[in-house]
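The values are calculated or read from the model by the stated rules, or taken from the named source; none is laboratory data. These figures come from a predicted structure and were not determined experimentally. Using ideal geometry, Cβ is built from the backbone for each residue, glycine included, and neighbour counts are taken over all protein chains shown.
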Amino acid sequence: MSFYDVIKKYEDFNIKEYLENVSYEDVEKTINKENLNEFDFLNLISNTSLEYIEIIARKSQKLTKRYFGNTISLYAPLYISNYCTNKCTYCGFNKENKIKRKHLSYEEIEKEAKELAKTGIKHVLFLTGEAKELVSFEYIKNTLIILKKYFKSISIEIYPLKENEYRKLKNLGLDGVTIYQETYDLETYKKVHLEGQKKDYFYRLDTPERVARAGVRQIGIGALYGLSDIYKDAFFSALHAKYLMDKYIDCEISISLPRMKYSESKFKPYQKLDNKKFIQIMLAFRLYLKYIGINISTRESAEFRNNLIGLGATKYSAGSKTDVGGYTKENKSTPQFETDDKRDVNEICNAIKNRGYQPVFKDWELII
């Protein structure tokens, strides 16, 4: 059984109609339950539940403290190449975009790593465009070896790999893989992914399972809100996370809520996810999935991220640069998207402390 088998179960289920018919009684029953099902999740993201948002927020806060304490884990992204063979209509790295491209040499990767490590960051997520001939598996492997000298925990956000490739990276010290489905709606997926490896909806959808079978501990998933119906993508993101948590109990699953940001693609979002609905979905993730990690990136503003501390979020990016070469500022490339939170690592740490929480640079370390 794959996750697509789960998706197919809801082919004839009208999410919009269900949400329109959620009653106050439905929401109250959900709030008072200990273990929630997928329909409870929908109750929590309905407009009806907005009347109960403060009660839901308090319950989310209690659950987050129970499973994560008063901590926020910190990480930083490191872009090493923005060349791409995909034609994704919404992405700044789209192969047809006339942007400044850059592919770091091993020497340049080491310089970037040294500069980023000076900030105190211990967990790095390195990212690339999807250009397999240039960004080869060997290149990924050697980058991992370089970064291990400077960081305690290393994750990747690159093109999908084979199971045996993930296993090889895991054996070299890889801790985590982030792989966003972007949208779970198959027809929308086809419309926005026009060329390249990323056209394959099903291979991408099955990637988290290949990662899990390879023994990689941390897996991050999510949808890009704005590509398709936000309620549908939130629903299937939640189901996907639940499926992975139940099937691969040794893995640590996390979920993100990235919203469409301005990029060189100039893509116009199908539907806007406003702040109120963003918070509502985040709280629903916490109540439905309880001990899932929730990641909030610098796509969001400093003020908004400050307000989310304690409500359910567990992991923040800090001091992020979304351009290749961004930390050393040497021949920087065009960024993948614009960040809103421009604060450095120390400023974000202070903001977390001011809310009564503890910034954590390394919450565990893989020993091999």
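Results, tabulated for the structure shown:
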{"quantity": "Hits in the range 273-320 (condition: of a type in the set (D, E, K, R) and either touching a strand residue (DSSP E or B) at 6+ places or on another chain (Cβ under 7 Å) or on the phi > 0 side of the Ramachandran plot (or both))", "calculated": "286, 290, 299, 305, 315"}
{"quantity": "Answer residue from the range 170-208, given it is among the polar types (S, T, N, Q) and at pLDDT 95 or above and is surrounded by the most Cβ atoms within 10 Å (Cβ to Cβ) among those", "calculated": "183"}
{"quantity": "Selection within the range 58-96 - surrounded by fewer than 18 Cβ atoms within 10 Å (Cβ to Cβ) and small (Gly, Ala, Ser)", "calculated": "69"}
{"quantity": "Residue 281 being at pLDDT 95 or above and either surrounded by fewer than 19 Cβ atoms within 10 Å (Cβ to Cβ) or more than 27 Å from residue 323 (Cβ to Cβ) (or both)", "calculated": "yes"}
{"quantity": "Answer from 65, 33 - the residue that is closer than 19 Å to residue 283 by Cβ and under 25 Å from the mean Cα position of the chain (by Cα)", "calculated": "65"}
{"quantity": "Check on residue 86, more than 25 Å from residue 343 (Cβ to Cβ), touching a strand residue (DSSP E or B) at 6+ places or on another chain (Cβ under 8 Å) and of a type outside the set (Phe, Trp, Tyr)", "calculated": "yes"}
{"quantity": "Residue in the range 298-316 that is nearest to residue 346 (Cα to Cα), counting only those that are among the aliphatic types (A, V, I, L, M) and outside any loop (DSSP other than H, G, I, E, B)", "calculated": "302"}
{"quantity": "Those helices (runs of 4 or more DSSP H) lying entirely in the range 203-297 with at least 3 residues charged (D, E, K, R) and in contact with a Lys or Arg (Cβ under 6 Å, 6 or more places away or on another chain)", "calculated": "none"}
{"quantity": "Selection count where residues are over 16 Å from residue 323 (Cβ atoms), surrounded by fewer than 19 Cβ atoms within 10 Å (Cβ to Cβ) and not aromatic (Phe, Trp, Tyr), scope the range 106-121", "calculated": "7"}
{"quantity": "Residue 270 being on the phi < 0 side of the Ramachandran plot and either loosely packed, with under 15 Cβ neighbours inside 10 Å or at pLDDT 95 or above (or both)", "calculated": "no"}
{"quantity": "Any pair with Cβ under 8 angstrom, 6 or more apart, that starts in the range 94-105 at a residue that is in contact (Cβ under 8 Å) with a residue 40 or more places away in the chain and ends at one that is crowded, with 18+ Cβ neighbours inside 10 Å and outside any loop (DSSP other than H, G, I, E, B)", "calculated": "94/88; 102/81; 103/80; 103/81; 104/80; 104/81; 104/112"}
{"quantity": "Complete set of residues in the range 289-326 that are without any contact (Cβ under 8 Å) to a residue 60 or more places away in the chain, within 22 Å of residue 116 (Cα to Cα) and hydrophobic (A, V, I, L, M, F, W, C)", "calculated": "296, 302"}
{"quantity": "Residue satisfying all of: in the range 32-43; of a type outside the set (S, T, N, Q) and either closer than 22 Å to residue 7 by Cα or in contact (Cβ under 8 Å) with a residue 40 or more places away in the chain (or both); surrounded by the fewest Cβ atoms within 10 Å (Cβ to Cβ) among these", "calculated": "39"}
